Structure formats: structure tokens, C-alpha cells
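For reference, the structure is listed below as C-alpha cells.
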């Protein structure tokens, strides 16, 4: 071998090492970005009502009472959802203390864990570049960011639903014991998903897998999915909870199956109805800015459908089935299609991976074309927000809501304008150079700036939707025996921030935003302690042998003043929406 050949070989080896090191650093950087999007400043926002305040309090009470089977909210049995998710938050509270950031830690953990699973799956069925792009795209979609940083069930559910689908797909890629093992993992994941949010936890992945195998022309595979050993694992996970809870609360089987599951899907009584096309604008908005690539990508994908890989077909079926399933449902919320956003994110990563590999191919043209509306929208928003930042009165004079609320957001307009300006600049450079890396930078810059430069906007929004400021206005010098009472209201999160339960004077319990509480109150049985029929409030108040701190909305201000005048005390304005009066212990008690 000649010296020149050795030098060529050494150069090639050095080149490969450089590429490997670069890929390793890109991989590390990708996970750092993902971690920041989900964990960065996690405790920087107040708990948003109603979901965060309520769910955090359910978990707090669970951590205090150690009642792991029957969760409670404000001391009342809360069986609207199974207990698994609350358990994860309660364990976090036990380990790290009770705070807003810790309350959100469970959602962030499952969000990050799902990204790890997505990466491992995509690296196996595609390649490492696609896997890195997939986690970056998924982690920077607004819907995924929101539910990874929100105290609600959807992200933990998405993790186990996705794990079930991935496991069942991989099972058919293997043979023998490995196939059995993957199916068992899928059954276990479906069981945990059921413990998080009921039957939807196994219905959704079952539909996806069944329809996918039908498209593949091998419905016979479903016999393996429903093998007796898989049923055994599933029931081993679900039945102890279901049977134990049913023994403690005999009304739960009917409520959980017929009311919370069947009625939610088939009736309008939960007041979450929306048109069939509800999820079209939801995807456009919550998958932004990546949603700008979808129209042309869908057309191109359909035209080249014969070239789809088996994994491609899985994600296409996955996205369509989830969106259609919840479009048919009478109950619709954005979080229901969270796993469809994951599937769309992976498919979008496929487009970008192809564009990076073939700079003159169709995928490169798609991402280049998608950058044009991004430039247009970003420029419009930058100019509009910049104009408002320089002269707020232009918009303020046209508002129909309170100007005080608008004033809170005025300082955030200029940073928002600058952020959109940066996105517009990157988009313009990407279009000018037709550089796919710059295109990706333009798309990913929007969510990155949202959680950095524009974080104050999120903080102000959360503050306006939280009970934290209200809780801070309630005196800490109240006598220790004081009972906190809310008349026809219960600001969500107030029990969590005050670390105490609240008595509610109510007509039907709707103030607790719990379908199960309303169900039990309407069952004809005596009302539990902690809720008082509104028509009995005068008699109930007269029987109190300790001070009462009575809180009500402004609509009850006249009644509060009347009560205060009778007791010779003053009414206090807490935050213009809520008023309160401290009623001392009646004489003679």
C-alpha cells in the first residue's frame, strides 16, 4: 500500500470521525432544546383555572391523605378520572414539595419521555437524522408544549397510547419471544392508559392498530394483539383499580362507564360540543408554524403513496383515525388529538429529512414554499404588534373588554413584534438562499422565542386566569379556627394556594367543576360535609360556632353588605371580581 493510499484512508477515517462527533453533538443539542421547551421555567407561571388549580389540589389532598384509590377535591370524592395521574403528582409533591413547578413536573416528564420513545422508534424505522428532526418538530409544536407544561392528564395519556401503538407495530417486525414481549409491553401500556383516562386509553390505540393492519391487508394480526396473555396483562393492570374502587364507591361502575365514557362521546350534556370540522383550525393553530407545510405535503404524499414505507402508513393512519374519531365524538377538546400531532410531527420530519438529503427534490420545494406564508404572516404580525407597541391607544379605543386587562399586556407587544421580526428575517434569508437548514431555523424559531423573549406574555396570561393573586389577598392573620366559605363560587386553585379546604354554598355543586360531584349531589342522598345547599345558607350560617370568612363574586356584593351590616363588620374588595367579609363568632358561642 502506497503512502498516498494511507493518507487517503486516514483522511476518510478522520472525516467519518468528524461526522460522528458532529452528529453526536447535534443529538445532544436536540435533546437540550427539547428539555428546555418542556422543563424550562416550569414553575414560572401561576396555575391556570380551572384544570391546573383543580388537578393540583386533588393531588395535594392525595399526598396529604394517602388515599390512593379515591381521590378527593376540596374534601369531596373526585372520580371524574382514574387516580393514576394524580398519584404521579402526589409522589412529586412528596419528593420535592408543593409548588406550581412540581405540579407540572409529571406532565413534563411524560412529555420528554414520549420524545425519547419517538426518537428511538424513528431511529429504528427511519434513521438518526429523521429521529432528531422528529423530536425537535414535535417538541416545538404549541399543543405539545402546552400539554407538557400543564397540570392535566393528556400528556401522560399520550405517552402510554403512543407506547401501545409503537409496541404493537414493532411486534410484527420481530419473531418468537421478542414479538411476544412487544405485545405484552403494548398490553401493559394500554392498561396504564386506561388507568389515566378510562376506556379511551385502550380504544384509541386499538382502533389505530386495527385500521392500520386492515390497510396493510393483514387483519389476522389482530388475533395476536388480542392473545389471552395480552388480555391477562391488561386486566392485571386495570382490574385491581376498578374492583377496589367499585367496592369503595358502588356508584362508580355506572358513572365511570355510562356517564363519563358513553355519555361524553354520544351526548351533548358535557357542553363540549363543536362542529365536525373543529379540529381543522385546531391543527392549523396548534401545529403552527409546521402546519404551513401540511397542505402541499398532503398532496405530494398522496401522489407518491406507493412509495410510503410501512412506518409512513402507520403515521398517516394514526393521524387520520385519531382526528376522525374525536371529530365524531360529541365532546371535543384540543388535547384529545395530541397523539395525532405527534404523528404529524414525525411525518413532517420525514419531509425535512428528505429536503436536507436532496436539496433539489420535491421535499425541498415543499419546505421552501411553506416558508413564504411564514414570512408573510410573521411580517404582518411584526408590523401590527410594533405599531400597537408604539401607540397602544390605536387598539385600546376599539376594545370592548376592560382596559385594565389590556394595559397588563402592553409591555409584551414590543418583544412579540421583535420575535416575529426575527422569524420574518430568518424566513426571508431562507427563501433568498433556498437553504433548507435556514428554513428549519425559521420554523423552529417561533416556539423557541415564545418561551424565551415572550415568556412574560405567558406569565401575565396565566396570572389573569389564576387564583394565586386572590389567595395572596386573603389575610394570613385570620383566627386559626376560621372557616373559609365561598358562596356560589370556588375559584379553582384557591384551596391549593391556601393549603386548606373550602366550604361551598351552592345550588347544584357546579362550582366544583366536577361531573362526579354533581352526579352524587343529584342522587338524592344527603349532601356530604363541605357543600351546603344554597337555600339553607342562613340557617347554616347561624349554626357556626367559629369565625367564617365568607367570599363571593361581585354579583353577590349587595347580599354580602347586608350580612356585614347585621354583624357590624366591613366588606373587603379582594380583586374587583371577588369580595369577602370576616364574620366573627356569634355572641354566646
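No value in this document is a laboratory result; all are computed from the given coordinates. Keep in mind the model is a prediction, meaning the values are calculated, not measured. Ideal geometry is used to build each Cβ from the backbone, glycine not excepted, and the neighbour counts take in all protein chains shown.
Report relative contact order for the range 153-244 in percent, whole number only (criteria: Cα-Cα under 8 Å, sequence separation at least 6).
Once divided by the residue count of the range 153-244, the mean separation gives 31 percent.
State the volume of the convex hull built on the alpha-carbon positions of the range 323-459, expressed per residue in Å³ and rounded to an integer.
148
Going by average Cβ density within 10 Å per residue, which order do the peptides 86-95, 557-566, 336-345 take, highest to lowest?
Highest mean packing first, the order is 336-345, 86-95, 557-566.
Over the range 20-68, what per residue volume does the convex hull of the Cα atoms give, in whole Å³?
Once divided by residue count, the hull of the range 20-68 is 116 Å³.
Using Cβ contacts closer than 10 Å as the measure, can you line up 174, 489 from fewest to most?
174, 489
How far, in degrees from 0 to 90, does helix 557-567 lean away from the longest principal axis of the Cα atoms of the chain, to the nearest 10?
It is inclined by approximately 40 degrees.
How far, in degrees from 0 to 90, does helix 403-433 lean away from the longest principal axis of the Cα atoms of the chain, to the nearest 10?
It is inclined by approximately 0 degrees.
Which order results if 571, 367, 531, 243 are arranged by neighbouring Cβ count within 10 Å, fewest first?
The order, fewest Cβ neighbours first, is 243, 571, 531, 367.
What would the Debye equation give as log₁₀ I(q)/I(0) for the range 64-183 at q = 0.10, 0.18 Å⁻¹, counting only Cα atoms as equal point scatterers?
For the requested q values the scattering log ratios are -0.41, -0.99.
Would you mind calculating the relative contact order of the range 362-455 from Cα pairs under 8 angstrom and at least 6 residues apart, reporting the percent as a whole number?
38
Within the range 468-583, what percent of beta bridges assigned by DSSP are antiparallel, to the nearest 5?
45
For residue 229 and residue 557 in the same chain, what is the full-extension length gain: residue separation times 0.36 nm, less their Cα-Cα distance, in nm?
Length gained between residue 229 and residue 557: 111.9 nm.
Report the per residue volume, in Å³, of the convex hull enclosing the C-alpha atoms of the chain.
Normalising the Cα hull of the chain by residue number yields 199 Å³.
Taking the highest mean first, how do the peptides 467-474, 208-215 order by number of other beta carbon atoms within 10 angstrom per residue?
208-215, 467-474
Going 7 Å from the Cα of residue 538 along its beta-carbon direction, which residues of the range 546-584 have the amide nitrogen within less than 12 Å of the resulting point?
Residues passing the 12 Å test: 563.
If a/c stays under 1.5 just call it rounded; otherwise compare a/b with b/c (prolate if a/b is bigger, oblate if not). Do that for the range 453-589, with a ≥ b ≥ c from the square roots of the Cα gyration tensor eigenvalues.
Oblate, because a/c is 1.5 or more while a/b does not exceed b/c.
Over the chain, what is the percentage of antiparallel beta bridges among all DSSP beta bridges, to the nearest 5?
Approximately 50 percent, going by the DSSP bridge assignments.
Rounded, prolate or oblate, given the Cα gyration tensor of the range 109-253, with a/c below 1.5 counting as rounded?
In terms of gyration-tensor shape, oblate.
What FRET efficiency comes out for residue 310 versus residue 330 if R0 is 30 angstrom and r is the Cβ-Cβ distance? Round to the nearest 0.05.
0.30
Over the chain, what relative contact order in percent results from Cα pairs under 8 Å that are six or more residues apart?
15 percent.
Once you sort the root eigenvalues of the Cα gyration tensor of the range 118-189 as a ≥ b ≥ c, which label holds: rounded (a/c under 1.5), prolate (a/b larger than b/c) or oblate (the other case)?
Taking the square roots of the gyration eigenvalues as a ≥ b ≥ c, the range 118-189 is oblate.
Using only the alpha-carbon atoms of the range 99-357 as identical scatterers, what base-10 log of I(q)/I(0) does the Debye formula give at q = 0.09, 0.12 Å⁻¹?
-0.41, -0.74
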